[in-house]
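Remarks on the structure that follows.
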Amino acid sequence: MTNEELRALWKTEEDCARIQGWDFSHIDGRFEEDTSFPWDYAAEVRSALRKDMKLLDCDTGGGEFLLSLGHPYENTSATEGYPPNVELCRERLLPLGIDLRECSDASRIPFEDGAFDIIINRHGSFDPAELYRLLRPGGLFITQQVGADNDRELVRAVFPEAERPFPEASLAVQKKAFEQAGFELLKACEACRPIRFFDVGAFVWFARIIEWEFQGFSVERCFDRLLKLQETVERNGSIGGTTHRYFIAARKP
């Protein structure tokens, strides 16, 4: 393909980069992400959850994981702040009787003190002090998070001088924050795993979706560097990077 044909193809991917919930089906088969972490977030949540517990899922996305738990709706609450997902959750969760609250500030969650037995959060924002306020004595917080070094090789492929947008997102920093907030740490793990893209168009779509990592990305702005990535794909079959995740389970004494 000529450079102009590649430009047009990539701009098509850029223009259709929209998402509801956390649905990456648009690039199914065009990228590969290793998720074999030394913990299983879903299993950890399910093993801790009892039917009589008051559950809060912070930053629930489209509510997909929350609904998969099959928890009694009358004991289930959720927050979400991303407007397209808020609308989706209103359609999906409210008719079931789930208590949904719109919230984009992790330090000001609109529920009463000690309202929950368990709070879960996968890849959303959190504030240990606010979580401590919301939990009852003996309450649990379980989270899987994206770390500060996530996708750094991929980001630097298009923005060589880019700094980490969330340098505090590491297990060492967050363990200290939870301990300072008064929590007892039950489990804390961290891992890095490979991620690969088999065509540059899939990478373009991904970079537009993950805008907080690829800040300022566009096909026009990064075109010359995208051509370098195209050379890598043609030579090696893919472009690769590394994901960074960490897991914390903590109890309020």
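The values are calculated or read from the model by the stated rules, or taken from the named source; none is laboratory data. Being a predicted model, the structure only gives us computed values, none of them experimental. Glycine also receives a Cβ, built like all others from the backbone with ideal geometry; neighbour counts cover every protein chain displayed.
If we scan region 141-148, do we find a residue that is closer than 30 Å to Phe31 by Cα and hydroxyl-bearing (Ser, Thr, Tyr)? Checked region 141-148: at least one residue is closer than 30 Å to Phe31 by Cα and hydroxyl-bearing (Ser, Thr, Tyr).
Counted as qualifying within region 27-105 are no helices (runs of 4 or more DSSP H), as none has 3 or more residues that are touching a Lys or Arg at 6+ places or on another chain (Cβ under 6 Å), at pLDDT 95 or above and crowded, with 17+ Cβ neighbours inside 10 Å. Contact map, region 60-73: first residue over 14 Å from Gly124 (Cα atoms), second residue modelled with pLDDT of 95 or more and in a helix (DSSP H, G or I), Cβ cut-off under 6 Å, separation 6 or more or different chains; pairs are Tyr73/Leu96. Does at least one position in region 237-247 carry a residue that is under 29 Å from Cys58 (Cα atoms), more than 16 Å from the chain's Cα centre (by Cα), touching a residue at least 60 places away in the same chain (Cβ under 8 Å) and not in a loop (DSSP other than H, G, I, E, B)? Within region 237-247, one or more residues are under 29 Å from Cys58 (Cα atoms), more than 16 Å from the chain's Cα centre (by Cα), touching a residue at least 60 places away in the same chain (Cβ under 8 Å) and not in a loop (DSSP other than H, G, I, E, B).
Among the residues of region 173-198, those that are under 17 Å from Thr243 (Cα atoms) and of a type in the set (D, E, K, R) comprise Glu190, Arg193, Arg196. Grab the helices (runs of 4 or more DSSP H) fully contained in region 118-231, keeping just those with 3 or more residues being surrounded by fewer than 20 Cβ atoms within 10 Å (Cβ to Cβ). Answer list for region 118-231: 128-134, 152-158, 171-181. Considered as a group, the residues in region 10-25 that are out of contact with any helix residue (DSSP H, G or I) (no Cβ under 6 Å at 6 or more places or on another chain) and outside any loop (DSSP other than H, G, I, E, B) include one that is farthest from Val204 (Cα to Cα), and that residue is Ser25.
Only residues that are under 30 Å from Glu13 (Cα atoms) and touching a helix residue (DSSP H, G or I) at 6+ places or on another chain (Cβ under 9 Å): list them for region 30-57, please. Matches in region 30-57: Arg30, Phe31.
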